Protein chains: 2
Amino acid sequence: MKATVMYAAGDVRVEEVADARLSDPTDALVRITHSCICGSDLWPYRSMGATEDGRRMGHEFVGVIEDVGADVTTVAAGDLVIAPFMWSDGSCDFCREGLHTSCRHGGFWGNEDNGAQAEAVRVPWADGTLVRVGAEPDDALLASLLTLSDVFATGHHAAVSAEVTPGTTVAVVGDGAVGLCGVLAAKRLGADRIIILGRHEDRTAIAREFGATDVVAQRGREAVHRVRDLTGGDGAPSVLECVGTSDSFATAATIARPGGTVGRVGVPQDAKLPHADATFMRNISVRGGVAPVRAYIPQLLPEVLEGRVQPGRVFDSTIGLDEVAEGYRAMNDRETIKPLVRP
Amino acid sequence: MKATVMYAAGDVRVEEVADARLSDPTDALVRITHSCICGSDLWPYRSMGATEDGRRMGHEFVGVIEDVGADVTTVAAGDLVIAPFMWSDGSCDFCREGLHTSCRHGGFWGNEDNGAQAEAVRVPWADGTLVRVGAEPDDALLASLLTLSDVFATGHHAAVSAEVTPGTTVAVVGDGAVGLCGVLAAKRLGADRIIILGRHEDRTAIAREFGATDVVAQRGREAVHRVRDLTGGDGAPSVLECVGTSDSFATAATIARPGGTVGRVGVPQDAKLPHADATFMRNISVRGGVAPVRAYIPQLLPEVLEGRVQPGRVFDSTIGLDEVAEGYRAMNDRETIKPLVRP
């Protein structure tokens, strides 16, 4: 089968690899119909050291089950399924608490011989991991279903972590696909005013569609001043950090209202949270992290199926598997927000 | 009157200064009966650059009102009062929300001409700031009342911020007076198991009195391993950070259970929160900051007056105002946990 392998920063190849196959009795084998490139894939794309064996890429997918192991009971061949970007057993204490990302048997795609920017993928702990769609959606709906695999559910985690409540004011740092989905999630949770920090007009246009009431195109200190101006001088009670750099963290902490909460889902790149001083005197909470997507899919799926939210709007391009290298380049150069991959 | 002035690191003097007096119509003038030295006073004691005019010290006190300004209505001359370590107007939006530390008119003692390691002090916004005791307590009770000014209420803020719930497991980083009060606060909130990280036996003995079930005397990685051993490998759902250094933050984040919360009240010294990576993958929340003591005093006061909690146990020495310089030295050298000052 064909699969995407990254060998070094900027070196992404689609190659013929050994077919994905069942290994454990709890596995499923899924033929991928929809995958995509994640903002987090761009970090290795920019910085990964050269490796001889390469690294399989891709962790977001929708597909059809081709086969299941002997112990799998809740999904079966022919089922259309959504996969969270991590697998989880669904039965350990952390899974029961809704923190599937800390599952006792959890793990990531995008390593060893298992990545989702490919024709097929092995799914460990299929019963715990996969969610049956239970419908026959059209193409537009499928794009939105794919966002439940990561980007919309991650935006939702940012909003939940930032403690967005009905009627509140929310600021969103980052106009990537996660930031846009954060806007949508904040709107869905009833935020009254949603300020997005972003300066790419194609993106902020979608943000407005998703519910953003204000766009702050300035950067750094000017952006902070602008958000403060928009919020009576105090900042926003809920801030969604959807980038992951020290600068974006510092901005997020600084535009939070005293006593407010930063919900952070941007994968940390340079590893520092905001200076403790920036949060200490104003009692800013910092919550969130890697999104327990599996916990959110059942909550969000009905609204997506009914078309009440359309997070699939973040996909502004569709490519074939053979075009994945070009997709990385275009996304990294901000020519596209997020490319959908049809293997 | 006599007051404490710090001129440089290690240079603390008690001097004759101009008498404290009313300035604004919302002021009260308080004759101090009980003050103390705070762990946060030790930071300038260790690092303050030399200044010609010096800095007035002290921000925790109990005293008797001597006079009030024309606009003061809720307290009067003769009242025994507790002061939080910051003043606040009691009427702005932040005060109404219980975040008195972000009061629109708030401020700190321990600057300009106003410090509480002195015979008397001017209290801005007396109606919003001061809490009448409404009783005639004995000496032991007065020591406990004084902890409501900062240290016990700050320990309580750590426990509240760390989301301590009945039956849970709590780890406390720091065996200073705040850490000890954090143990007491966690116990009061119903924690079942309380692990304190500390290696001074005089302190951990009080921690055990206050409700600690386990003492971890190791440091660094060994302490982390020990806490993990004590918690089934996972760490504690609630961690109280009561120190404020990068190391203590890193320890606190690392011993938190996935999905857990660090309640941080240690005044940040080297300004970095834990590496974002340490908290991101495990969804560790970091909450807290400077404690809105004024919000907590009314909740905690009845239990202190009834003797149900005895946070005054953290005072293991009592000195006169003339001995304050020696008190700083002894506290800095860890010869005393926290000296009570009787002007």
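The values are calculated or read from the model by the stated rules, or taken from the named source; none is laboratory data. Note that the structure is predicted; figures quoted are calculated from it, not measured. All Cβ positions, even for glycine, are placed from backbone atoms using ideal geometry, and neighbour counts span all protein chains on display.
Here are a few things to note about the model shown:
- Positions within the range B:1-12 being under 18 Å from B:Ile319 (Cβ atoms), within 24 Å of the chain's Cα centre (by Cα) and not in a strand (DSSP E or B), in sequence order: B:Gly10
- Which numbered condition B:Glu15 fails, given (1) over 25 Å from the mean Cα position of the chain (by Cα); (2) more than 18 Å from B:Ile319 (Cα to Cα): (2)
- Residues located in the range B:146-164, provided they are away from every other protein chain (no Cβ under 14 Å), under 13 Å from B:Cys38 (Cα atoms) and either in a loop (DSSP other than H, G, I, E, B) or among the polar types (S, T, N, Q) (or both): B:Thr147, B:Leu148, B:Ser149, B:Asp150
- Residue satisfying condition, being surrounded by fewer than 18 Cβ atoms within 10 Å (Cβ to Cβ) and either at pLDDT below 95 or not in a loop (DSSP other than H, G, I, E, B) (or both), within set A:Gly134, A:Gly167: A:Gly134
Every residue, every condition in (1) assigned by TED's automatic domain parsing to the domain that holds A:Ala186; (2) surrounded by 19 or more Cβ atoms within 10 Å (Cβ to Cβ); (3) on the phi < 0 side of the Ramachandran plot, yes or no:
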residue: A:His225; (1), (2), (3): yes, no, yes
residue: A:Pro237; (1), (2), (3): yes, yes, yes
residue: A:Gly244; (1), (2), (3): yes, yes, no
residue: A:Thr254; (1), (2), (3): yes, yes, yes
residue: A:Gly266; (1), (2), (3): yes, yes, yes
residue: A:Ala278; (1), (2), (3): yes, yes, yes
residue: A:Arg282; (1), (2), (3): yes, yes, yes
residue: A:Pro311; (1), (2), (3): no, yes, yes
residue: A:Leu321; (1), (2), (3): no, yes, yes
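- Every test in (1) modelled with pLDDT under 95; (2) assigned by TED's automatic domain parsing to the domain that holds A:His59 is passed by A:Ile297 save one, and that test is (1).
- Every listed requirement among (1) under 17 Å from the mean Cα position of the chain (by Cα); (2) closer than 25 Å to A:Leu300 by Cα; (3) not aromatic (Phe, Trp, Tyr) is met by A:Ala28 save one, (1).
- Residue in the range A:205-213 that is more than 18 Å from A:Gly155 (Cβ to Cβ) and either within 11 Å of chain B (Cβ to nearest Cβ) or not in a loop (DSSP other than H, G, I, E, B) (or both) present: no
- Subset of the range A:170-187 (residues that are part of a helix (DSSP H, G or I) and either of a type outside the set (Lys, Arg) or over 23 Å from A:Ile284 (Cα atoms) (or both)): A:Ala177, A:Val178, A:Gly179, A:Leu180, A:Cys181, A:Gly182, A:Val183, A:Leu184, A:Ala185, A:Ala186
- Search result, residues across the range A:91-118 that are away from every other protein chain (no Cβ under 14 Å), surrounded by 21 or more Cβ atoms within 10 Å (Cβ to Cβ) and in a loop (DSSP other than H, G, I, E, B): A:Trp109, A:Gly110, A:Gly115, A:Ala116, A:Gln117
- Test result for A:Gly289, farther than 19 Å from A:Arg188 by Cα, within 10 Å of chain B (Cβ to nearest Cβ) and touching a residue at least 60 places away in the same chain (Cβ under 8 Å): yes
- Any hit, the range A:268-283, residues being more than 13 Å from every other protein chain (Cβ to nearest Cβ) and either touching a Gly at 6+ places or on another chain (Cβ under 7 Å) or among the aromatic types (Phe, Trp, Tyr) (or both): no
- Taken over the range B:44-66, residues that are crowded, with 17+ Cβ neighbours inside 10 Å, more than 22 Å from the chain's Cα centre (by Cα) and modelled with pLDDT of 95 or more amount to 1.
- B:Arg313 being at pLDDT 95 or above and either within 14 Å of chain A (Cβ to nearest Cβ) or in contact with a Cys (Cβ under 8 Å, 6 or more places away or on another chain) (or both): no
- B:Asp27 vs. criteria under 30 Å from A:Gly233 (Cα atoms) and surrounded by fewer than 23 Cβ atoms within 10 Å (Cβ to Cβ): no
- Every residue from the range A:108-131 that is at positive phi and modelled with pLDDT of 95 or more: A:Trp125
- Scanning the range B:137-163 for residues being in contact with a Pro (Cβ under 9 Å, 6 or more places away or on another chain) and surrounded by fewer than 19 Cβ atoms within 10 Å (Cβ to Cβ) gives a total of 1.
- Restricting the range B:31-43 to residues that are touching a strand residue (DSSP E or B) at 6+ places or on another chain (Cβ under 7 Å) and crowded, with 20+ Cβ neighbours inside 10 Å, the residue that is farthest from B:Gly289 (Cα to Cα): B:Ile32
- Among the residues of the range B:80-89, those that are in a loop (DSSP other than H, G, I, E, B) and buried (at least 19 other Cβ atoms within 10 Å of the Cβ) comprise B:Pro84, B:Phe85, B:Ser88.
- Being among the small types (Gly, Ala, Ser) and within 23 Å of A:Gln269 (Cα to Cα) is true of A:Ala223.
- The range B:180-207, residues that are of a type in the set (D, E, K, R) and touching a strand residue (DSSP E or B) at 6+ places or on another chain (Cβ under 7 Å): B:Lys187, B:Asp192, B:Arg193
- Of the residues making up the range A:182-216, those that are in contact (Cβ under 8 Å) with a residue 60 or more places away in the chain, surrounded by 18 or more Cβ atoms within 10 Å (Cβ to Cβ) and of a type outside the set (Phe, Trp, Tyr) are A:Gly182, A:Leu184, A:Arg188, A:Arg203, A:Ile206.
- A:Glu335 being surrounded by fewer than 21 Cβ atoms within 10 Å (Cβ to Cβ), away from chain B (no Cβ under 14 Å) and assigned to a helix (DSSP H, G or I): no
- Taking residues in the range A:2-25 that are more than 15 Å from A:Glu326 (Cβ to Cβ), and partners anywhere that are among the hydroxyl-bearing types (Ser, Thr, Tyr), the pairs with Cβ atoms closer than 6 Å and at least 6 places apart or on different chains are A:Ala9/A:Ser47.
- Condition broken by B:Pro84, with the remaining ones in (1) within 14 Å of chain A (Cβ to nearest Cβ); (2) within 15 Å of the chain's Cα centre (by Cα); (3) at pLDDT 95 or above satisfied: (1)
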